[in-house]
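**Q** For reference, the structure I am asking about is given below.
The values are calculated or read from the model by the stated rules, or taken from the named source; none is laboratory data. Treat the numbers as computed from the prediction; the structure is a model and nothing was measured. Quick reminder, even Gly has a Cβ in these numbers, built from the backbone with ideal geometry, and neighbours come from all protein chains shown.
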Amino acid sequence: MTDLWLISVPLDKTSLTNVEKLKRTIAKTNQASCCKFSIPDLKVRRGRVPSIRSLRGYECVIKKTCQCMKEVMEQSNDKVLENALANGVDLLSYVTKFQWDMGKYPTALPLSSLAELINKEVSQVETELKSRSAAYNNVKSSLQNLERKHQGTLHTRSLNEIVRKEDLVVSEYLTTLLVVVNSYIQWERTYESLSEFVVPRSSRKLYEEKEAGVFSVTLFKRAVHQFKAKAEFTVREYCFDLEEQKLQEMKQLSVHKKDQYVSQALPLKSSAVCPSLCSLFVHWLKRNFSEVFVAWIHLKALRVFVESVLRYGLPVRFQALLLQTDKKRSKKLREELASLFMHLDPSFAVSKTDVRVQIYIQFCKHSLESC
């Protein structure tokens, strides 16, 4: 997994010389790759440099959005990372070629206003994510409950697909019961004797499986309780109109889930080609994942700027660099940074590994694999 580090160095002669040394060293040792990270000149009021809030809240929203994408896509989980984009490009490309969005975050605004703008944007996404996730989960739960009723044995599952309306006799005095029978011989021999009000020879086998079958029997309504009490078989409660209503409800929920939330038949990347066929929820997740990730990187850039001003002072003269490495090489890279930029912190001992080059943020290529 790739780690991306942001560092900021002042534009003094020693630091610039050491940056060139760093580039040569990491190129030779293959410890990392290095590129400039472009941060515009932001508006700084003397004596008023705001503190930047923790980035954890943003990372949580990104993880929640990514997790929802995994759950909603169901059979396409392996496509989530591939299709988690920022402004239409993969995450690594967006970060390594980062350009401040002047239209969205005007550089004429004070630093505190920019931070507020970004915080507000992410908070809105988080609130809507909770609402949409709850709506999706309600539909999913209702559908699963109905599907559960259409599975299992004949003793428990819905008889909707087995029974036709013409199989039932329902009048002012007569009704039809549905009975799950394990022993056909015993049923044929005894069902007429379970009540004197059973219509003779009214039993019909409607459906059978390996272990049991469903039989209908017609009798007078007043004898239903007596018949159930004597029967050594399972008498299923069944109302055709009610069961038909449940079936229609399940079909509607299924369509609602697939059309409004999930497009299982299409890979996520097809949404740009066939927007009318893709789910609203997946569209929303993709769009807002991008929004939050972009906001997250802008806040990191803002944090680099603020910390650099606090550390190096005014006027603003620093260069932000993006280092791309991995965990295996990170220790040597830390030591290299400590050696080259120790002069920025005279109290810093070479033996320490917690590099204090300002600002040093390990920000990982958001760990989507572990979302």
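**Q** Across the stretch 27-36, what is the number of residues that are out of contact with any helix residue (DSSP H, G or I) (no Cβ under 7 Å at 6 or more places or on another chain) and either among the hydrophobic types (A, V, I, L, M, F, W, C) or closer than 11 Å to Leu340 by Cβ (or both)?
**A** Number satisfying all stated conditions: 1.
**Q** Is there a residue being at pLDDT 85 or above and either assigned by TED's automatic domain parsing to the domain that holds Phe289 or aliphatic (A, V, I, L, M) (or both) anywhere in the stretch 203-210?
**A** The answer is yes; a qualifying residue exists.
**Q** With respect to Glu161, is the statement that it is modelled with pLDDT under 90, surrounded by 11 or more Cβ atoms within 10 Å (Cβ to Cβ), in a loop (DSSP other than H, G, I, E, B) and not polar (S, T, N, Q) true?
**A** yes
**Q** Checking Tyr94 against (1) surrounded by fewer than 16 Cβ atoms within 10 Å (Cβ to Cβ); (2) of a type outside the set (Val, Ile, Thr); (3) touching a strand residue (DSSP E or B) at 6+ places or on another chain (Cβ under 8 Å): exactly one of these is not met. Which one?
**A** (1)
**Q** Among Gln99, Gln67, which is the only one that is under 26 Å from Pro40 (Cα atoms) and in the same structural domain as Pro40 (by TED's automatic domain parsing)?
**A** Testing whether each residue is under 26 Å from Pro40 (Cα atoms) and in the same structural domain as Pro40 (by TED's automatic domain parsing) leaves just Gln99.
**Q** Give the residue that is modelled with the highest pLDDT, with candidates limited to residues of the stretch 64-89 that are out of contact with any helix residue (DSSP H, G or I) (no Cβ under 8 Å at 6 or more places or on another chain) and part of a helix (DSSP H, G or I).
**A** Gln67
**Q** So is Tyr173 surrounded by 13 or more Cβ atoms within 10 Å (Cβ to Cβ), modelled with pLDDT of 90 or more and farther than 30 Å from Leu280 by Cβ or not?
**A** No, not satisfied.
**Q** In addition: If you go through the stretch 7-24 one residue at a time, do you hit one that is assigned by TED's automatic domain parsing to the domain that holds Glu336, closer than 22 Å to Thr107 by Cβ and of a type in the set (Asp, Glu)?
**A** No, the stretch 7-24 has no match at all.
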